[in-house]
Amino acid sequence: MAAPQGLILYNGIKALLAANYTNTDGISPGACQMTIAPQRDRFRKEGDIVFQYGGREVARRRRCKVDKVDVLYDSDGNETWTLSILDRRVWWRECGEISGYYNVRRALNDKTRAVDKRILPGTEKTVRELGALCLDAMGEVGYDVAALPNDAFPEVAWDYANPANELAGLCDQ
């Protein structure tokens, strides 16, 4: 009996020679490097990367994008193509804007500029709520923000800011 095989598939790729995927945490996209035989049929510039093991799908990365295609020749003149495919976080670079001023603190004294720790009513948002606002602005759906704190209230001033960068800043805090 043969051992099960692991495969990485991408829309329209017919002759896969080798592949690897590097996942990253944060807002930077993970990357899949695929080496394929040249093919006449076009492959799609956008699509899903599917991970299979033993003929069964075990994971999927949606809305990936081919970032680069390199044509390589070995010493015998044989041609291969290497594709660099980035996961959906590649779209977060241009995902829109977010604006808002949350967890605004009151000034106690205009002369000393001392700040009261109390938050102005109507501006309260937890880190979890702020994270959800950022993900909504990025067009994400079905996300889980349960790992973000629900008892911290950082003051944020977003003025047409990139929501992916703001989410990264919240996580760094």
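Largest GNM mean-square fluctuation among LYS65, LYS117, LYS14, using the chain with Cα springs under 10 Å: LYS117. Over the chain, dividing the summed -39,500 (n - 2.57) contributions of all DSSP H runs of at least 4 residues by the number of residues returns a 222 nm mean residue ellipticity of -3500 deg cm²/dmol. Between VAL141 and ASN11, the simple spin-label model (points 7 angstrom out along Cα→Cβ) gives 1.6 nm. If the chain linking ALA3 and CYS171 were pulled fully straight, counting 0.36 nm for each residue of separation and taking away their Cα-Cα distance, it would gain 56.4 nm. Based only on the alpha carbon positions, what is the Kirkwood hydrodynamic radius of segment 1-86, in angstrom? One over the average 1/r among Cα pairs gives 13.8 Å for segment 1-86.
Centre-to-centre, using Cα atoms only, segment 126-173 and segment 5-64 are separated by 29 Å. Which log10 I(q)/I(0) values does segment 60-103 give at q = 0.29 Å⁻¹ under the Debye formula, counting every alpha carbon as one identical point scatterer? Each listed q maps to, in turn, -1.00. Here each label is just a point 7 Å from Cα along the line to Cβ, and for ASP76 and ALA18 those points are 1.5 nm apart. Label positions at TYR101 and VAL69, each projected 7 Å from the Cα along the C-beta direction, are separated by 5.0 nm.
Element breakdown for segment 4-144 at a 1.4 angstrom probe: carbon and sulfur atoms account for 47% of the accessible area.
Relative protection proxy for 17-25, 123-131, from highest mean packing down: 123-131, 17-25 (other beta-carbon atoms within 10 angstrom). The angle between the Cα long axis of helix 127-137 and the main principal axis of the chain comes to about 50°, on a 0 to 90 degree scale. Annotation: lysines with alpha-carbon distance below 25 angstrom to LYS14 (same-chain offsets under eight excluded): LYS45, LYS65, LYS68. Normalised size of segment 36-173, defined as Cα radius of gyration per 2.2 N^0.38 Å with N residues, equals 1.59. Ligands, DNA and RNA excluded, the heavy atoms of ILE8 present near 20 Å² of accessible surface to a 1.4 Å solvent probe. Computed from Cα atoms, the angle from the helix 163-172 axis to the main principal axis of the chain rounds to 70 degrees.
Here's the list of lysines a cross-link from LYS117 could span, going by alpha-carbon distance under 28 Å and ignoring same-chain residues fewer than 8 apart: LYS125.
The values are calculated or read from the model by the stated rules, or taken from the named source; none is laboratory data. Every value quoted in this text rests on a predicted model; they were computed, and no experiment measured them. As a convention, Cβ positions derive from the backbone with ideal geometry for all residues, glycine included, and neighbour counts pool all protein chains shown. Remember, those area values only see protein heavy atoms, side chains included, never the ligands or the DNA or RNA. Shrake-Rupley method; radii C 1.70, N 1.55, O 1.52, S 1.80 Å.
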